[in-house]
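Working notes, structure below.
What follows draws every value from the coordinates through simple rules; no lab data is involved. Since the model is a prediction, treat every value here as computed from it, not as a measurement. Please note: Cβ atoms are built from the backbone with ideal geometry, for glycine as well, and neighbour counts cover all protein chains shown.
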Amino acid sequence: MNEYNLLIETSCVAQKYWQSVPAPWRGELLRIFSNILRDRKFVLAEQIVKDSKKIISEGEGEVQEMIDVCDFAMGLSRQMYGLTMPSERPDHRIQEIWQPIGVVGVISAFNFPMAVWAWNHALAIVCGNSVVWKPSPKAVGCAIMCKQAWDAACDAANLPAHDLLLILNEDIAISNLLAKDKRIALLSATGSTEMGKSLAPQVAQRLGRGLYELGGNNSMIVSQSANLELAKRAIVFSAVGTCGQRCTTLRRLIVHSSIYDELLISIKSAYTKLVIGDPMDRSTLVGPLISFDSLEKMQDVLNICKANNYIVTGGTPIPTLGLGYVNPAIVEVTEQCQLVQEETFAPILYVMKYETLSEAIALQNGVTQGLSSCIFTDNIQEAEIFISAVGSDCGIANVNIGPSGAEIGGAFGGEKETGGGRESGSDAWKAYMRRMTVTVNYGKDLPLAQGVQFDI
Ligand code: NAD
């Protein structure tokens, strides 16, 4: 048996044992794990900074997100409720029971190298599944440290640690093996839309289950009634935080024409004050891009913008700080051209004007991605329209909060080419279980549904 097969078989065996452990005990393991995360918060955050290059405060925030989702899953361990329905037949009862699904494959991206795995892992584990994790090749150190923390939790609980196994292989052929493998009951894949489009047909071919968290192209509408000071703070954090490398990064700013100039001046002024530098330095707000490759892609896009006569502010590399350091860019566009419709994973903020709310919503919805969106307004009608059926078409729609920086309590994910998956809070756990509908007859007769007669 080759290495891959051995690993999946080991995970299958681990899952068979784990599914019969009572859910509250599974929750107890997550409690132990979350305490280990608390103890190791800084070293884990440091490793996140090393691998993903985000600033240390965001690294610590990411570890906190792992702690939060473990606590959430521990609470869930006593609350995985199934419904009971009235039966049309006398002396019958109908009930839903949620059962473990099996081995969950997790493929993760570089930019949330620990939290995305933790969202999946905590839910998968409390639901009675085992996990096989293929991390981003850019964040292997993070995966190893998470595995060490998990093993320590299993040791403390006297449990075997095989319910989490790692595949540390740079070859994307491994993702394809997971996608094609019938033993993977659920494949949860986070990354670019391109990656999702390559994996999803392979999962569908075997009628398997996929949970996709893919690229975003997130927007903010700023209306004429908005609190512009609040909007400015949200814009700058959402557009330049993590150096523009969050799936929820603000990429499109749609501003009412009457306040356009005032808002733009205030954002540009805030950009000049950004502290760009070493991500471990606590005064730094913007670290480098993940790679020189990302910097080159950003420069290519900005060159096309200039060739199109769009006004570009910033965007210049800062080689004196090191590879990948760059000034975040603002690009004033006159239309939502093809370039604006694409996700460039770098700090480029496209700014455009609108006159009516319906025009703004059409711009917001006029891209193939559907992850995160928001409106800044003090007008209750505008806010309600934005979150109504005719408003944003995204998985996340906020009012007077930027598109980035979600809490774990809500279900996280997006529509359209963002993949349709939901992870983390609310009832996202149901994706990690199989729903069993059970009808129990406690009578002495065998009536058929819909009054069908079949006497023998
Ligand atoms: P990526 O697509 O390059 O890689 C993600 C993972 O998929 C890695 O583990 C990688 O090895 C694997 N992979 C890459 N290409 C593949 C292919 N063709 N076939 C099979 N596997 C493949 O993404 P990245 O650069 O690591 O992360 C950035 C992207 O991830 C952005 O598009 C971002 O929006 C997205 N993202 C989405 C979410 C979300 O929740 N929606 C969260 C984080 C990141």
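Structure values in brief
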item: For LEU250, residues with placed amide H under 5 Å, excluding near neighbours; result: ALA239
item: Largest-first principal axis extents of the Cα set of the chain (Å); result: 80, 51, 38
item: Computed FRET value (nearest 0.05) for ASN2 with ASP261, which takes r as the C-beta separation and R₀ as 56 Å; result: 0.35
item: Per-residue ³J(HN,Hα) for region 299-314, Karplus 6.51 cos²θ - 1.76 cosθ + 1.60, θ = phi - 60°, Hz, x for Gly and Pro; result: 5, 4, 5, 5, 5, 5, 4, 5, 4, 8, 6, 7, 7, 10, 10, x
item: Net charge, PHE376 excluded, C-beta distance under 13 Å - Lys, Arg +1, Asp, Glu -1; result: -1
item: With Cα atoms, 0 to 90° folded angle of helix 193-205 axis to the chain main axis; result: 20
item: Ellipticity estimate at 222 nm from DSSP helix runs (n ≥ 4, -39,500 (n - 2.57)) divided over the chain, nearest 500; result: -12500 deg cm²/dmol
item: Shape category assigned to region 350-397 from the gyration tensor of Cα positions, a/c cut at 1.5; result: oblate
item: Histogram of C-alpha separations across region 80-217, 10 Å bin width, %; result: 11, 38, 29, 14, 6, 2, 0
item: Sequence-distant residues sharing a close amide H with ILE55 (under 5 Å, placed H); result: THR242, GLY287
item: ³J(HN,Hα) computed for each position of region 173-190 - Karplus, 6.51 cos²θ - 1.76 cosθ + 1.60, integer Hz, glycine/proline x; result: 4, 5, 4, 5, 4, 4, 5, 8, 7, 5, 6, 8, 6, 9, 10, 9, 10, 10
item: Prolate/oblate/rounded call for region 218-399, Cα gyration tensor, a/c under 1.5 rounded; result: prolate
item: DSSP bridge pairs, the chain: antiparallel proportion in percent, nearest 5; result: 35
item: Computed over region 1-60, the ratio Rg/Rh where both radii use C-alpha atoms and Rh is Kirkwood; result: 1.17
item: Between 0 and 90°, nearest 10: helix 228-240 axis offset from the chain longest Cα axis; result: 70
item: Ordering of 117-129, 256-268, 440-452, 23-35 by burial proxy (mean other Cβ atoms within 10 Å per residue, highest first); result: 117-129, 23-35, 256-268, 440-452
item: Length gained when the stretch LYS306-LYS273 is fully extended (0.36 nm per residue, less Cα-Cα span); result: 9.5 nm
item: Distant-in-sequence amide H partners of VAL222 (H built 1.01 Å from N, under 5 Å); result: ILE254, VAL255, HIS256, PHE376
